[in-house]
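The values are calculated or read from the model by the stated rules, or taken from the named source; none is laboratory data. Because the structure is a prediction, the values reported are computed rather than measured. A quick note on method: Cβ atoms are made from the backbone with ideal geometry, for glycine too, and the neighbour counts reach across all protein chains shown. Each accessible area value is taken on the protein alone, full model and side chains, heavy atoms only, with ligands, DNA and RNA left out. Shrake-Rupley method; radii C 1.70, N 1.55, O 1.52, S 1.80 Å.
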Number of protein chains: 2
Amino acid sequence: MDEDDVGTVDVPEATVARLPQYLRALSVLAEAGLRTVSSEALAEAVGVGSAKLRKDLSHLGSYGTRGVGYDVTGLHRQIADRLGQATPWNVVIVGIGNLGHALAGYGGFADRGFRVVGLFDDGPQVVGEVVGGVRVRPLSELDRVVHPGETIGVLAVPAEHAQDVCDRLVAAGVRSVLNFAPAVLRVPDGVDVRKVDLASELQILAFHAQRRGVRGNVPARVPSLGPVTERVGEVV
Amino acid sequence: MDEDDVGTVDVPEATVARLPQYLRALSVLAEAGLRTVSSEALAEAVGVGSAKLRKDLSHLGSYGTRGVGYDVTGLHRQIADRLGQATPWNVVIVGIGNLGHALAGYGGFADRGFRVVGLFDDGPQVVGEVVGGVRVRPLSELDRVVHPGETIGVLAVPAEHAQDVCDRLVAAGVRSVLNFAPAVLRVPDGVDVRKVDLASELQILAFHAQRRGVRGNVPARVPSLGPVTERVGEVV
DNA sequence: TAGATTGTTAATCGATTAACAATC
DNA sequence: TAGATTGTTAATCGATTAACAATC
């Protein structure tokens with residue numbers, strides 16, 4: 001495959017979802033000074049099987065070297081290119097409440113190719129506040145910050161406002177939305193929405209815990225630093 | 001299937017991940033006063049196909065009524081039971097930085113069957129602070145709050161501390177972990193870990209955006225509230 | 001050449017989907 | 001009975017996995 005062919009061939013969705021994990025592991029290995037890495041070792045670092053890793057990389061048209069492994073920085077650059085991280089993506093966050101605040105101040109985005117360029121909220125007590133060096137603006141100013149098609153919108157508003165705010169983001173030219181509101185968003189074709197539902201994640205854990213039957217009966221042997229009877233389980 | 005058989009039969013993982021969405025939609029419908037709902041209507045509310053919804057519910061052994069639909073409150077209770085929400089789950093949050101703070105103050109957990117019973121951090125400037133009515137404690141007090149097997153641990157610490165803190169949670173009896181740190185956790189059998197990686201979510205969106213080819217070329221027609229030339233795209 | 005490790009093949013597994021018989 | 005809608009079947013699709021020939 002050609003270097004210029006980036007993005008031409010279809011990559012399975014399950015593979016795409018793992019690319020960020022590979023990228024991160026490669027960053028760590030590169031920082032540790034490693035030059036090459038085998039599929040076995042990289043897979044171990046990411047917590048997947050080596051066959052799956054090789055299959056994933058084969059979709060990128062990535063070439064390792066048989067008998068040797070993958071060039072750490074080379075593979076890192078290849079994946080980073082695929083994720084469009086040659087230049088950083090602009091991100092706007094709408095809804096500067098509890099969660100929006102945290103996301104605005106989260107250092108982990110900059111490290112991974114994203115730049116928070118706008119914060120938006122219509123609450124009069126929030127507008128004007130500066131979070132992480134960025135001033136909070138009213139939503140009416142969305143157009144001034146969003147580069148159509150080049151800006152990712154993060155939605156951290158209450159569920160009841162999510163659709164409305166999403167519509168405004170799309171109108172401003174946002175084509176990629178990360179939705180933290182527990183609401184289903186309708187968007188036109190060509191707009192990509194991903195949803196992160198924090199409570200759902202807990203509910204899924206709860207389902208499995210319930211299924212393991214830990215509820216109600218005393219768990220068999222739990223590694224513990226002290227006798228069980230000492231635990232008071234108070235709720236602060 | 002028996003009412004008592006809850007949790008006996010295997011539910012596919014993909015189905016489990018959708019149960020929280022169904023539950024939420026049913027809450028909304030119940031609040032709107034709806035008595036029954038068809039698979040078509042419920043599926044529409046959740047944004048999935050009706051065949052998938054019926055298949056999912058069939059795994060629960062749930063019985064709707066042919067020709068009529070599903071009883072809204074009945075189905076709600078059934079799913080809530082499966083998620084173990086007859087009684088609330090206890091949650092502890094470790095790492096009261098930016099994100100941990102937001103999670104501790106997030107109202108959306110209580111509504112959905114979870115109770116934040118402990119906040120932990122070893123930073124001397126954070127310990128003792130009260131967030132959302134709960135006092136931040138040092139990690140050494142984990143044992144006092146965790147009910148072995150009945151408490152879900154939320155990890156909001158930096159990646160480099162994630163494994164260590166996770167080990168301490170497990171030692172205290174936590175069997176379900178929600179990990180926000182971009183790190184791979186090793187846990188013993190019987191411990192369930194889910195990972196939420198915020199930067200990854202953005203990277204996946206970026207991959208698709210890049211693939212759509214929005215980068216570099218002006219997008220065709222973007223619905224907009226004003227002329228494109230007016231956008232200055234400043235970075236605050 | 002001998003040893004190591006990739007990239008690919010083929011088998012398997014799980015999830016989705018459409019269609020429809022069962023039945024309210 | 002006629003109309004509506006479930007629960008299930010069977011076909012299809014996509015993802016995972018193990019094995020191994022290719023090749024460094």
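Distance from the axis that maps chain B onto chain A is least for the Cβ of the chain B residue given, with the whole Å value, as B:102, 2.
If both residues of a DSSP beta bridge must be in chain B, then about 20% of such bridges are antiparallel. Taking a span of 18 Å or more along the helix axis (Cα atoms) and a mean Kyte-Doolittle hydropathy of at least -1.0 as the rule, the DSSP H helices of chain B that qualify are B:13-31, B:159-171, B:198-212. Across the copies of the chain, residue A:87 has label points (7 Å from Cα along Cα→Cβ) spaced 5.8 nm apart, shortest distance listed first. Using C-alpha pairs under 8 Å with a sequence gap of at least 6, the mean separation divided by the residue count of chain B gives a relative contact order of 12 percent. Per-peptide packing, taken as the mean over residues of other Cβ atoms within 10 Å, places B:99-107, B:57-65, A:82-90 in the sequence B:99-107, A:82-90, B:57-65 from highest down. Counting, for every residue in A:138-150, the Cβ atoms of other protein chains within 10 Å of its Cβ and taking the mean gives 5. A crude spin-label estimate for the pair residue A:129 and residue A:55, with each label 7 Å from Cα along the Cβ direction, gives 4.7 nm.
Helical runs (DSSP H, four residues minimum) scored at -39500 (n - 2.57) apiece and divided by the length of the protein assembly as shown put the mean residue ellipticity at 222 nm at -11500 deg cm²/dmol.
Heavy atoms of the protein chains alone define the surface here; on that basis the protein assembly as shown has 46 Å² accessible area per residue at 1.4 Å probe size. Residue A:180 contributes an accessible area of around 10 Å² to the protein surface, as traced by a 1.4 Å probe with all chains present.
Of the solvent-accessible surface of segment A:72-153, computed with a 1.4 Å probe over protein heavy atoms with every protein chain present, carbon and sulfur atoms account for 51 percent.
The interface between chain B and chain A buries about 8900 Å² of solvent-accessible area in total (1.4 Å probe, ligands and nucleic acids excluded). For segment B:5-67, the relative contact order works out to 37 percent when only alpha carbon pairs closer than 8 Å and six or more residues apart are counted. What is segment A:89-198's relative contact order, in percent, from Cα pairs under 8 angstrom and six or more apart in sequence? The normalised contact order for segment A:89-198 reaches 24 percent.
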